[in-house]
Each structure stands twice: as structure tokens, then as C-alpha cells.
């Protein structure tokens, strides 16, 4: 929640809990409690894993016991995330495109909000314009009369229309693969 809607913020992943000194991430920009990431047999970063197209992932394996340390050494003390991607097919060049388009619209039919006249009436009934002192009484009556005049001239706000918009999202992916039995590329 601290990152808000920042799309570039990387999550904090912990497989075996915190085993190093807390606070080093802020000082050195490296999380010592982060697991080791292996992509198709090679060590990689969390940024590479997050940027990976999920349609290309064949399997994800999480290792968190002593076997991971035996295989990958001391770097695997915090666990290992092994990601295997889909292997390119042999033969001629093949190009694949996939695209998604989404429309998001809020459903506001269940909301019942007051209009300006109902709100002013509610404020009167709740005692908002009542006062104990004479000087404050005049100020509150002036405020009430001003708001009443605004209501009578037709001032009103549809509050549900203010913070919401229709969201349009699209995502595109282009992938080329090929090769023979000696070398494959993707």
C-alpha cells in the first residue's frame, strides 16, 4: 500500500522469512532477504521476472529447503524461485501476436446520495446551524441563507460522476521463435 499505484514498484518477496539485518534495502537498494531468481537456468533479477510475459511461462518452482542451498549455494539461503519458459519450437520462423482490450465501467446503481436540497435539510435537522452565542448565530444564519439561495437557483452536484471514469486498457505481445536442433531462438 505504501507504493500506491506506482507501476514500477517491485514487491517484497520472502520465502523463508527475514534472515538478514532489516533496513539494508533502504540504504543499499538491495533486499538481503529476497530469494534467488533463476530463469531458464540462469540467475536473474526480480525486475526481469516481473517484466516477463506470463503467456511465455511454462512452470514456476519454489525451493525453500536445504536442497536449494545444495544446488545453488549460499545465495539460495532465502529460497529460490525457478521459472521455466516455453521452449521455442523447431523449424521455420514463427511470429505470434496476442492482444487484449478491456473496458471497465463502475456500477453506481446501488448508491443513493442526497441532492443539495436534501443535504441542506439534513444539516438543519442535525443542528448544524444552531449556535450558543449571538455573534455565531448571525454567521450561521447568513451561511444557511446563502446555501438556501444557491439551492433555489438550482445548484446541485452529481457526486458520483466526479471521482469515476471509464477505464480503457489494452495490452499487446509480439513473439518470434524458430531454429533447428542445434540452436533455437525466441
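The single condition from (1) at pLDDT 90 or above; (2) closer than 26 Å to residue 183 by Cβ; (3) under 24 Å from the mean Cα position of the chain (by Cα) that residue 84 fails is (3).
Among the residues of the range 96-139, those that are modelled with pLDDT of 90 or more and loosely packed, with under 10 Cβ neighbours inside 10 Å comprise 97, 99, 100, 101, 102, 103, 125, 126. Looking at the range 4-19 only, could you name the residues that are modelled with pLDDT under 75 and in contact with a helix residue (DSSP H, G or I) (Cβ under 8 Å, 6 or more places away or on another chain)? Passing the criteria: 16, 19.
Results for (1) in a loop (DSSP other than H, G, I, E, B); (2) within 29 Å of the chain's Cα centre (by Cα); (3) over 27 Å from residue 11 (Cβ atoms), shown as yes or no for each residue.
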| site | (1), (2), (3) |
| --- | --- |
| 71 | no, no, no |
| 97 | no, yes, yes |
| 128 | yes, no, yes |
| 144 | no, no, yes |
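The values are calculated or read from the model by the stated rules, or taken from the named source; none is laboratory data. Since the structure is predicted, the reported quantities are computational estimates derived from the model, not experimental observations. We place every Cβ from the backbone using ideal geometry, glycine too, and count neighbours over all the protein chains shown.
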